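Here is the structure we will look at, set down as structure tokens.
The values are calculated or read from the model by the stated rules, or taken from the named source; none is laboratory data. Please read all numbers here as calculations on a predicted model, not as lab measurements. Glycine gets a Cβ as well: all are built from the backbone with ideal geometry, and neighbour counts include every protein chain shown.
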Amino acid sequence: MIAGVERLTASDIFNALRPLDLPPDRPVIAHASLSAFGQVEGGAEALLEAVLGVAPRLMMPAFTYKTMIIPPCGPEKNGLTYGSGRESNRLAEFFRAGMPADRLMGAAAEALRRRPGTQRSLHPILSFCGVGVAEALASQTLKEPLAPVGVLAEQGGWVLLLGVDHTVNTSLHYAEAQAGRRQFTRWALTLSGIYECPNFPGCSQGFQEIETYSRPFARTVRVGWAKVTALPLQPLLRTATALIRSNPRALLCRNPACELCACAVE
Ligand SMILES: [Zn+2]
């Protein structure tokens, strides 16, 4: 507990999110950092309850990077150093439907995954979980890992960034694929062998660039220490796709050592 800082309750967060005025019948894909909110009474579960209060049809990524295997060789221009996984491959875990979401997804995503009644798609690396989003979850295949984002967009869905910026905005990867940007192949360990996972998205470290362009249709509130932004998916995807088509380097990161971003424009 930090002196002079009040602990937020679920209802504090719910009340602070209400001015976003999200249409309750529309699905939402959310990304959250619990720690960005400061102290929250009840932790990730409380944050999740507040979010479900304003977004009862909720989807979050429940990605499982621990299943990933790096093979000794594979396709060219794949943003990967083959053979570099000799140590990490030994620690890889078999995908299971009940596997926790990776820590990088945040505690709220894992709280949603664990919640009774939550459904989960079964991509061995890029699964999503949610409530009230059955159609989106059912649309995911090995070949189309980001199809759930497309379904949410068709349904007039929204993106909700809770104390995080666009560098975790998975929907922008969907826009990259729509714009024709190179996608990658990755491999996952499963109980029925190693699965090849095509159309795997690239690097998201340059995604914050979209903030300037999405400002006209973004809604923002402050909740405790956290900035929360809501964006309707359709204009977001249209804007990002147009940006990439007009500049092939748009939304890529500036790290010259980034293998993914180098391959994306080759
Ligand atoms: Zn990069």
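Could you say whether any residue in region 2-25 is assigned to a loop (DSSP other than H, G, I, E, B) and under 18 Å from the mean Cα position of the chain (by Cα)?
No, that holds for no residue.
So, of the residues in region 247-261 that are buried (at least 17 other Cβ atoms within 10 Å of the Cβ) and part of a helix (DSSP H, G or I), which turns out to be farthest from the ligand (Cβ to nearest atom)?
The extreme case among them is Leu260.
For Glu45, which of the numbered conditions (1) part of a helix (DSSP H, G or I); (2) over 19 Å from the mean Cα position of the chain (by Cα) fails to hold?
Failed condition: (2).
Could we say that Leu122 is crowded, with 23+ Cβ neighbours inside 10 Å and more than 26 Å from Leu252 (Cα to Cα) here?
no
Among what's in region 228-246 and is more than 22 Å from Pro145 (Cα to Cα) and within 17 Å of the chain's Cα centre (by Cα), pick the residue that is nearest to the ligand (Cβ to nearest atom).
Across region 228-246, the extreme among qualifying residues is Thr229.
How many of the residues in region 75-98 are among the hydrophobic types (A, V, I, L, M, F, W, C) and exposed (fewer than 10 other Cβ atoms within 10 Å of the Cβ)?
So the count comes out to 2.
Would region 115-137 turn up any residue that is assigned to a helix (DSSP H, G or I), touching a residue at least 24 places away in the same chain (Cβ under 8 Å), under 18 Å from Thr170 (Cβ atoms) and in contact with a Leu (Cβ under 7 Å, 6 or more places away or on another chain)?
Taking every residue of region 115-137 in turn, at least one turns out to be assigned to a helix (DSSP H, G or I), touching a residue at least 24 places away in the same chain (Cβ under 8 Å), under 18 Å from Thr170 (Cβ atoms) and in contact with a Leu (Cβ under 7 Å, 6 or more places away or on another chain).
Checking Ala264 against (1) within 16 Å of the ligand (Cβ to nearest atom); (2) surrounded by 15 or more Cβ atoms within 10 Å (Cβ to Cβ); (3) modelled with pLDDT of 95 or more, only one condition comes out false. Which one?
(3)
Determine the pairs where a residue that is surrounded by fewer than 24 Cβ atoms within 10 Å (Cβ to Cβ), located within region 139-154, has a partner that is part of a loop (DSSP other than H, G, I, E, B) with Cβ atoms under 6 Å apart, the partner being 6 or more residues away or on another chain.
Hits for this filter: Gln140/Ser121; Gln140/His123; Ala147/Ser139; Ala147/Gln140; Val151/Ser139.
Looking only at region 52-74, count every residue that is buried (at least 20 other Cβ atoms within 10 Å of the Cβ), touching a Gly at 6+ places or on another chain (Cβ under 7 Å) and within 15 Å of Ala188 (Cα to Cα) and tell me the total.
Going through region 52-74 one residue at a time, the tally reaches 0.
Which of the residues belonging to region 188-208 are more than 16 Å from the ligand (Cβ to nearest atom), more than 13 Å from Tyr65 (Cβ to Cβ), hydrophobic (A, V, I, L, M, F, W, C) and under 21 Å from the mean Cα position of the chain (by Cα)?
Across region 188-208, there are no qualifying residues.
Out of the residues in region 65-124 meeting the condition of being in contact with a strand residue (DSSP E or B) (Cβ under 8 Å, 6 or more places away or on another chain) and of a type in the set (Lys, Arg), tell me which one is nearest to Tyr195 (Cα to Cα).
Going through the qualifying residues, I end up with Arg120.
Which is in a loop (DSSP other than H, G, I, E, B), in contact with a helix residue (DSSP H, G or I) (Cβ under 6 Å, 6 or more places away or on another chain) and more than 17 Å from Val164 (Cβ to Cβ), of Gly53, Gly79, Gly83?
Selected residue: Gly79, the only one of Gly53, Gly79, Gly83 that is in a loop (DSSP other than H, G, I, E, B), in contact with a helix residue (DSSP H, G or I) (Cβ under 6 Å, 6 or more places away or on another chain) and more than 17 Å from Val164 (Cβ to Cβ).
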